[in-house]
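Structure record follows, encoded as structure tokens.
The values are calculated or read from the model by the stated rules, or taken from the named source; none is laboratory data. Quick caveat, the model's predicted, so the values are computed rather than measured. Here the Cβ positions follow ideal geometry from the backbone for every residue, glycine too, while neighbour counts run over all protein chains shown.
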Amino acid sequence: MTFLSGAKKACLAAALLCLFTAPAQGSRDAQTEREKPDKAGVGAVVLPLLFNMPETKWGGGVGGLLTYRPEGHSPDSRPSSLYFYAVYTQLKQFSTKWEPEAYFRGETYFFKGKIQFERYPEKIWGLGNDTPAVHEEDFTPRTFVLELSFQKKIWPVRNLYAGPLYQFESYAVLKSEPGGLLDSETWPGASGGTSSGAGFIINWDTRDNVFFPGRGRYWQVSAVWNSKLLGSGFNYVSLKMDLRRYVSLLSSHVLALQALYQAVVGEPPFKSIPKLGGDSIMRGYYLGRYRDRHLLAFQAEYRLPVWWRFGLVGFAGLGQVAESRGRFELGNMKYSAGFGVRFKIAPSEGTNIRLDFAWGKGTSGFYFTASEAF
């Protein structure tokens with residue numbers, strides 16, 4: 001979940017981090033007592049947000065994480081949770097996202113959802129792995145997104161889940177550059193549209209912690225068919241394969257690895273085309289700096305504790321987009337590298353605030369977010 005991103009907010013993020021990490025008044029025992037969940041296993045972390053950037057001017061809001069375990073459940077059991085944030089800007093832009101995850105009947109059933117509603121500026125450079133920087137265009141969509149999946153554990157020994165998946169996205173382009181890519185309406189969905197699709201999702205999850213894994217695997221494969229029979233304005237299929245591995249080193253260090261493949265087949269709207277960049281995939285690139293029908297990325301991150309609740313990470317990645325699977329070429333890979341600082345805001349769950357500095361080919365980025373990139 002991205003709270004804030006952008007190089008121009010570095011000073012603000014640092015100030016916020018100082019606010020949250022300042023020593024609390026009172027004894028250490030009193031602080032520890034406040035961190036303990038109640039008997040029902042309820043925990044909450046809520047963060048105020050304040051930012052300023054050219055596309056939005058001043059903005060602010062709130063974000064946080066709520067966790068819950070039924071009374072009597074082991075502290076090592078997977079908690080149900082709710083990520084959320086809501087922000088509003090001086091230019092009357094807004095964005096809110098809610099991501100609930102819930103386990104039922106001793107983790108036999110798993111529900112995951114996402115609700116997002118926003119009127120927020122974005123950028124686009126066209127399709128392809130080599131789009132020039134001078135093709136940059138600004139546009140502002142109003143977007144509503146709904147994702148729902150309900151999964152059942154089909155192999156208890158291996159924590160293998162499977163179940164149906166539904167995705168819905170409706171958007172309208174409220175503002176675009178005159179004479180640009182979207183204004184000419186040559187792309188499907190250039191002025192807006194609706195996607196509605198159903199499919200399946202399979203998860204193999206052996207992580208020891210869902211918020212800060214120290215060991216285990218997380219492999220996810222999904223396919224969604226968007227059809228006019230389901231109310232979609234576009235006919236296409238979305239595919240995703242996300243393979244992650246976490247290796248424990250030196251007792252408390254972690255090496256995190258990820259391989260990601262995304263693809264669309266058919267006639268998708270431009271907003272549904274896979275995008276490289278952002279706070280999770282190839283940090284250092286603006287989300288959507290490169291987009292095309294196929295995306296491939298490899299990432300690695302080394303995580304180590306430093307002192308008290310502070311930690312450091314170093315990360316690197318390779319990725320690219322292509323028109324087809326056969327167009328991927330090793331020589332056309334984009335690179336990403338960087339380092340970051342972590343502060344554990346919920347020790348009982350392992351939840352972090354992260355500040356990441358990342359560089360890519362002719363680009364850089366700064367990210368102040370909650371939870372790990374992968």
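Below are the figures for this structure:
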| quantity | calculated |
| --- | --- |
| Unique match (being free of Cβ contacts under 8 Å to residues at least 12 places away in the same chain and either among the hydroxyl-bearing types (Ser, Thr, Tyr) or on the phi < 0 side of the Ramachandran plot (or both)) among SER251, SER222, SER227, SER232 | SER251 |
| Among the residues listed as ARG327, ARG309, the single one being among the charged types (D, E, K, R), at pLDDT below 95, more than 29 Å from ASN235 (Cα to Cα) and over 19 Å from the mean Cα position of the chain (by Cα) | ARG309 |
| Where TYR85 falls short, out of the listed (1) at pLDDT 75 or above; (2) assigned to a helix (DSSP H, G or I) | (2) |
| Set ALA373, ALA300, ALA337: member being of a type outside the set (Ser, Thr, Tyr), on the phi < 0 side of the Ramachandran plot and outside any strand (DSSP E or B) | ALA373 |
| In the stretch 170-197, the residues that are in contact (Cβ under 8 Å) with a residue 40 or more places away in the chain, in a strand (DSSP E or B) and either among the hydrophobic types (A, V, I, L, M, F, W, C) or touching a helix residue (DSSP H, G or I) at 6+ places or on another chain (Cβ under 7 Å) (or both) | TYR171, LEU174, SER195, GLY197 |
| Residue check for GLY317: farther than 18 Å from GLY214 by Cα, buried (at least 21 other Cβ atoms within 10 Å of the Cβ) and modelled with pLDDT of 95 or more | yes |
| Among (1) crowded, with 22+ Cβ neighbours inside 10 Å; (2) on the phi > 0 side of the Ramachandran plot - the single one LYS271 does not satisfy | (2) |
| Only listed residue being of a type in the set (Lys, Arg), out of contact with any Lys or Arg (no Cβ under 9 Å at 6 or more places or on another chain) and without any contact (Cβ under 8 Å) to a residue 24 or more places away in the chain, chosen from LYS240, LYS271 | LYS240 |
| Residue match in the stretch 360-374 (condition: closer than 17 Å to ALA297 by Cα and either loosely packed, with under 15 Cβ neighbours inside 10 Å or among the β-branched types (Val, Ile, Thr) (or both)) | yes |
| Residue satisfying all of: in the stretch 238-290; in a helix (DSSP H, G or I) and of a type outside the set (S, T, N, Q); nearest to the chain's Cα centre (by Cα) among these | LYS271 |
